[in-house]
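Here the structure comes first, spelled out in structure tokens, and everything after it is commentary.
The values are calculated or read from the model by the stated rules, or taken from the named source; none is laboratory data. Note that the coordinates shown come from a computational prediction; the quantities given were computed from them, not determined experimentally. Note that we place each Cβ from the backbone using ideal geometry, even for glycine, and neighbour counts take in every protein chain shown. Protein only, heavy atoms only, side chains kept; ligands, DNA and RNA dropped before computing areas. Shrake-Rupley method; radii C 1.70, N 1.55, O 1.52, S 1.80 Å.
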Amino acid sequence: MKLVNETSLFPLRKGRITRQAHVDLPEGTYEEEFARQGFFGRTTHLYRAHPPTGWTDIEGPLRPRSYDLNRLAPPAAGDRPAAFAPTCFLRNEDVALHWVRPGAMDFLYRNADGDDVHYVHRGGGRLECTFGVLDYAQGDYLVIPRGTTYRFLPGPGPQEHLLIESASEVTLPDRNQLGAHALFDPAVIDTPEPEAPAEPDRPWTVHVKRRGEITRVTYPFNPNDVVGWKGDLTVWRINVKDIRPVVSPRYHLPPSAHSTFLGRNFVICSFLPRPFEEEAGAMRVPFYHANIDYDEVLFYSDGHFFSREGIGPGMVTWHPQGIHHGPHPKAIPASRLKDRTDEVAVMVDTLRPLEATEAARGVENEAYWASWK
Ligand SMILES: [Fe+2]
């Protein structure tokens with residue numbers, strides 16, 4: 001992600017505009033941000049007489065889409081045991097999004113294809129891995145580098161994770177002028193403690209995924225037998241409650257202000273409870289845009305998602321490049337009645353177009369494109 005716009009002209013100005021983006025829109029207009037490179041490239045703000053989502057019909061494959069992951073059936077018995085059988089719903093060459101309901105695993109798993117970022121939507125328990133043991137809870141991100149051997153030992157109750165599998169190493173964005181402790185202080189990160197796993201002495205099988213295929217490697221002992229480690233490559237955990245969003249009372253910050261992790265050609269953002277902008281002329285809901293350079297996926301985890309009607313926990317929206325999205329009609333007046341949002345949502349923006357899987361098509365809300373009417 002680039003944070004410097006090297007090619008900017010001074011903005012040209014034509015017709016009815018506001019000189020400060022997202023503030024004091026001309027009466028009766030809707031603002032669209034027409035922008036390259038997410039929200040970092042060359043940009044023009046368009047002041048429109050109608051919302052660009054005010055279509056009456058869409059023919060062809062491109063449209064905003066929505067999926068209800070709660071309705072995904074448990075995977076059919078295949079080569080993945082039910083205790084850890086992720087269902088992929090959207091993917092491209094850089095990132096794959098899965099829904100997984102882990103059970104108590106009596107085997108170990110290793111992903112040789114990429115890093116695994118588990119967002120714990122519901123549940124919690126203990127993770128045993130190469131680096132030791134780490135307890136986890138709802139709202140945690142668990143960042144598991146490629147090559148780590150692990151298993152989940154969930155506690156009681158429903159267990160649901162959004163699994164973001166990255167073909168490249170997952171890193172943190174630069175904080176730049178916000179300083180090293182903004183969004184979260186790195187001291188809130190937890191890492192595994194070297195500790196003997198449960199059942200160290202019985203035979204264990206490691207299910208290694210490489211190029212999507214599973215190879216089983218069996219040992220007469222538990223291979224998670226590390227008694228000490230040192231270094232800066234490990235599994236780590238952060239809870240969304242420890243991420244403190246940056247806000248401005250006077251200006252609607254772009255989604256990029258909520259970036260949590262970076263991978264090659266994609267970014268993971270966290271939208272978390274925060275006060276709304278308080279100044280009268282400042283926009284409170286996201287501006288309209290058509291994602292010129294990014295596909296945009298939002299996973300709704302908790303709270304009331306203020307800019308979307310009819311969306312609840314466990315649902316996903318996918319706004320592909322080339323077609324507009326923005327707040328639902330009721331969201332703009334509704335946002336004026338509240339002074340904060342309690343939403344918890346995870347966004348994945350991808351440079352390369354995503355494809356929906358067969359599993360996603362089975363739980364699609366076909367009417368979503370018409371929900372702006
Ligand atoms: Fe968006």
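Details
- Any hit, the stretch 168-188, residues being out of contact with any His (no Cβ under 7 Å at 6 or more places or on another chain), free of Cβ contacts under 8 Å to residues at least 60 places away in the same chain and crowded, with 17+ Cβ neighbours inside 10 Å: no
- Residue count for the stretch 334-346, restricted to those that are out of contact with any Phe, Trp or Tyr (no Cβ under 6 Å at 6 or more places or on another chain), buried (at least 17 other Cβ atoms within 10 Å of the Cβ) and over 12 Å from S307 (Cβ atoms): 1.
- Some residue of the stretch 121-128 being part of a strand (DSSP E or B), touching an Asp or Glu at 6+ places or on another chain (Cβ under 7 Å) and buried (at least 23 other Cβ atoms within 10 Å of the Cβ): yes
- Scanning the stretch 1-20 for residues that are modelled with pLDDT of 65 or more and under 26 Å from the mean Cα position of the chain (by Cα) yields a count of 0.
- Filtered residues of the stretch 289-305 (kept if crowded, with 21+ Cβ neighbours inside 10 Å and over 21 Å from F89 (Cα atoms)): H289, F305
- The stretch 286-316, subset hydrophobic (A, V, I, L, M, F, W, C) and away from the ligand (no atom under 11 Å from the Cβ), residue nearest to S270 (Cα to Cα): F299
- Residue among P75, P52, P86 that is in the same structural domain as G312 (by TED's automatic domain parsing) and open to solvent by 20 Å² or more (accessible area, probe 1.4 Å): P52
- Selected residue (criterion: modelled with the lowest pLDDT) from residues of the stretch 317-346 that are within 16 Å of the ligand (Cβ to nearest atom) and β-branched (V, I, T): I332
- Subset tally (residues that are out of contact with any Gly (no Cβ under 7 Å at 6 or more places or on another chain), hydroxyl-bearing (S, T, Y) and part of a loop (DSSP other than H, G, I, E, B)) for the stretch 129-181: 2
- Condition met for V226 (touching a strand residue (DSSP E or B) at 6+ places or on another chain (Cβ under 7 Å), on the phi < 0 side of the Ramachandran plot and open to solvent by 30 Å² or more (accessible area, probe 1.4 Å)): yes
- Test result for F152, crowded, with 22+ Cβ neighbours inside 10 Å, in contact with a strand residue (DSSP E or B) (Cβ under 7 Å, 6 or more places away or on another chain) and at negative phi: yes
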